[in-house]
1. Just to confirm a number: summing +1 for Lys and Arg and -1 for Asp and Glu over residues other than His344 whose beta-carbon lies under 11 angstrom from that of His344, what do you get?
2. What does the net charge come to around Arg175 if you take all other residues with beta carbon closer than 15 Å to its beta carbon, with K and R at +1 and D and E at -1?
3. What per residue convex hull volume, in Å³, comes out for the range 288-380 when only alpha-carbon positions are used?
4. If one computes the Cα centroid of the range 321-378 and of the range 39-55, what distance in Å separates the two points?
5. Which of the lysines could be linked to Lys258 by a straight reach, that is with a Cα gap under 28 Å, when you skip same-chain ones fewer than 8 residues away?
6. Could you tell me the relative contact order of the range 220-292? Use alpha-carbon pairs under 8 Å, at least six residues apart, and round to a whole percent.
7. Among the complete DSSP H segments of the chain, which ones combine at least 24 Å of alpha-carbon extent along their axis with a mean Kyte-Doolittle hydropathy of 0.5 or more?
8. Percent of alpha carbon pairs in the range 268-425 separated by more than 28 Å?
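The values are calculated or read from the model by the stated rules, or taken from the named source; none is laboratory data. What you see is a predicted model, and the numbers here were worked out from it, not measured in a lab. Backbone-built Cβ (ideal geometry, glycine too); neighbour counts: all protein chains shown. To get the accessible areas, we keep the full protein, side chains included, count just its heavy atoms, and leave off ligands, DNA and RNA. Shrake-Rupley method; radii C 1.70, N 1.55, O 1.52, S 1.80 Å.
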Amino acid sequence: MQRKIAVVGTGYVGLTTGACLAAIGHHVVCADIDAGKVSRLRAGQVDILEPGLAELVRRGLDAGRLEFVVGAPAAIHTDTEVLFLCVPTPMGADGSADLRAVESVLREVGDLLPEDCAVATKSTVPVGTADRLSRMVNAPIVANPEFLREGSAVDDFLHPDRIVVGSSDRPAARRVGALYEPLQAPTLILDAASAEMVKYAANCFLAVKLSYVNAIAQLCDRVGADVVAVTEGMGYDPRIGRSFLKPGPGWGGSCLPKDANALVHVAESVGLEFPLLRSAIEQNARQQADVLDRVRQACDGTIRGARIGLLGLAFKAGTNDLRDSPAVRIADALVAEGAEVTAHDPAISGELSGIRLVDDPYEAVKGAVVVIVLTEWPEFRTLDWTRVAELMDGFTVLDTRNLLDGDPLTRAGLTWRGMGRPVTS
Ligand code: UGA
């Protein structure tokens, strides 16, 4: 059954939510405060790199099921049944989630909400937020966390593992859960605090898993084991699973780092130490320090004055998102140590302070003593390594994603160094 829905915020979560809810038959009005962005969206222009999203937006517009308006109040009508809050909840100075955007939207629309309209929080919000927000407005608040990965958000939305909704008002939670019925996913109707907690617990589990596998990769390097073989051996165990076992330059993006810090903060606020999560965060910083050590070694001890070529800047392949990107952190640290850094990322153009950004991967490696692969873009696999070797001034390629096949590099006279993998030269 078609429902009338308002979505506030058109970042990748808000826009995916709006476009996908329209695609499964609902009528959705999406609001953003950025008038320029709204007029671009009305024209079907999507500036987020998210496969399938632009097409869904255009289809929703053509079918008259998707509208874009400026400002949250304009999205609320007398027949709006659910309002989704998809505004950012950035990390505050102390690691806590900053709820000012969520609260300010609620203040703006609180008096406009029709009777029985539920307010669903999609933004990741700390446990207890639904309770706190329900004191601000006279409407049921439903925690409805999303589990969308950037770069596959549309697919994740339309093929969810589960739908989680939680509220002290169970009928309101059921109403929000029912919006997803066409997707035929297991639906969990919970209390609000548990629903809010599912999101943090899941993201932080993933962060811990990655820090663990990154530490195993460092260990593999020191004991002469191959992390690819090790994780394959681990992954056959269904209790462990195969996914999220790839070492890298550290985990980043707009979610995992923010949520890990926020959960430590939540734990402390109720008098609980969370050393496991803290050390996962520390391990993540160590992972970047480890990459820098490898660069130092490859530059004979000093980075100052060395020309370094970076392949990849986005926090993972398939996105143009630089938020909390380990690649950017490593680039900044190299610049701070006096390196001359040139970088290429197929999805990033423009200016980045201290870094020379180029459109051509071969331009990025020209004159470099060390080349570092930081984002797992598949096109890096098929570079002409003989040409790279000719263009470089040194011969080390640090592959922090274990993306490349070492053979063509060694044939070209290069030394390939993966993470937790035997060095080939
Ligand atoms: C993450 C979660 O995976 C989603 O379920 C969640 O909905 C989302 O956060 C959110 O809270 O909104 P996302 O930030 O898009 O999604 O990125 P991930 O695919 O989880 O990757 C996170 C980081 O881990 C990236 O830096 C990635 O490169 C790294 N990673 C991932 C690895 O280093 N190795 C892996 O095997 C997997």
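1. Here the count lands on -3.
2. Summing Lys/Arg as +1 and Asp/Glu as -1 gives -2.
3. Hull volume over Cα atoms, normalised by residue count, gives 83 Å³.
4. Using only Cα atoms, the two centres lie 27 Å from each other.
5. Candidates past the 8-residue exclusion: Lys37, Lys122, Lys199, Lys209, Lys246, Lys316.
6. 23 percent
7. 192-223
8. Tail of P(r) above 28 Å: 19 percent of Cα pairs.
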